[in-house]
Structure formats: C-alpha cells, structure tokens
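The structure under discussion appears below in the form of structure tokens.
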Ligand code: HEM
C-alpha cells in the first residue's frame, strides 16, 4: 500500500489502487495490515 501510494510500485493494476491509498493514512494502513494478517 505504501509503495503504491508513493509510486514505487506502478503498473496498470496499481493505477486503480492509487486513488484509494491516497486517502488512506499510514496509521489506517497499519490497522488494515494487522487485520489482514490476523485473518485465517
Ligand atoms: C480500503 C479498500 C482497499 C484496500 C484496503 C486495498 C488493499 C490492497 C492491498 C493491500 C493491495 C496489495 C496486494 C499485494 O501486493 O499483494 C492491493 C492491490 C490492488 N488493489 Fe486494492 N484495496 C482497496 C480497494 C481497492 C479498490 C476500490 C480497487 C479497484 C477500484 C482496488 C484495486 C486494486 C488493484 C488493481 C491492486 C493490484 C495493484 C498492483 O498490482 O500494483 N483496491 N489493494
């Protein structure tokens, strides 16, 4: 998410994702990542 937001990761797919992460803060990304990592 950070790489897509900063532009380090960029491809035709991430172009769809970028407007999304642009409005997500780092603290929110942390919360999302913690939630995803906890899924079984
Ligand atoms: C809050 C909502 C969203 C979250 C938390 C989220 C999260 C993520 C994450 C973590 C990845 C990276 C996956 C990986 O590298 O394995 C990703 C990739 C991607 N997401 Fe989302 N996403 C959201 C909404 C959306 C929406 C609305 C779209 C489409 C309109 C979208 C399209 C994509 C695409 C196309 C990729 C692949 C990008 C690439 O390959 O660089 N996402 N998303």
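Read the figures in this text as sums done on the coordinates, not as results from a lab. For clarity, every value in this text was computed on a predicted model and none was experimentally measured. Using ideal geometry, Cβ is built from the backbone for each residue, glycine included, and neighbour counts are taken over all protein chains shown.
Condition check for residue 3 on (1) part of a helix (DSSP H, G or I); (2) surrounded by 12 or more Cβ atoms within 10 Å (Cβ to Cβ); (3) touching a helix residue (DSSP H, G or I) at 6+ places or on another chain (Cβ under 9 Å): one failure, at (2). Within the range 6-28, the set of residues being more than 8 Å from the ligand (Cβ to nearest atom) and either in a loop (DSSP other than H, G, I, E, B) or surrounded by 13 or more Cβ atoms within 10 Å (Cβ to Cβ) (or both) comprises 7, 8, 12, 18, 23, 25.
With respect to being within 11 Å of the ligand (Cβ to nearest atom) and part of a helix (DSSP H, G or I), residue 33 fits the description. Is there any pair linking a residue in the range 1-17 that is touching a residue at least 24 places away in the same chain (Cβ under 8 Å) and within 21 Å of residue 36 (Cα to Cα) to one that is assigned to a loop (DSSP other than H, G, I, E, B) and within 6 Å of the ligand (Cβ to nearest atom), with Cβ under 7 Å and at least six apart or on different chains, and which? Once the first residue is touching a residue at least 24 places away in the same chain (Cβ under 8 Å) and within 21 Å of residue 36 (Cα to Cα) and sits in the range 1-17, no partner that is assigned to a loop (DSSP other than H, G, I, E, B) and within 6 Å of the ligand (Cβ to nearest atom) comes close enough.
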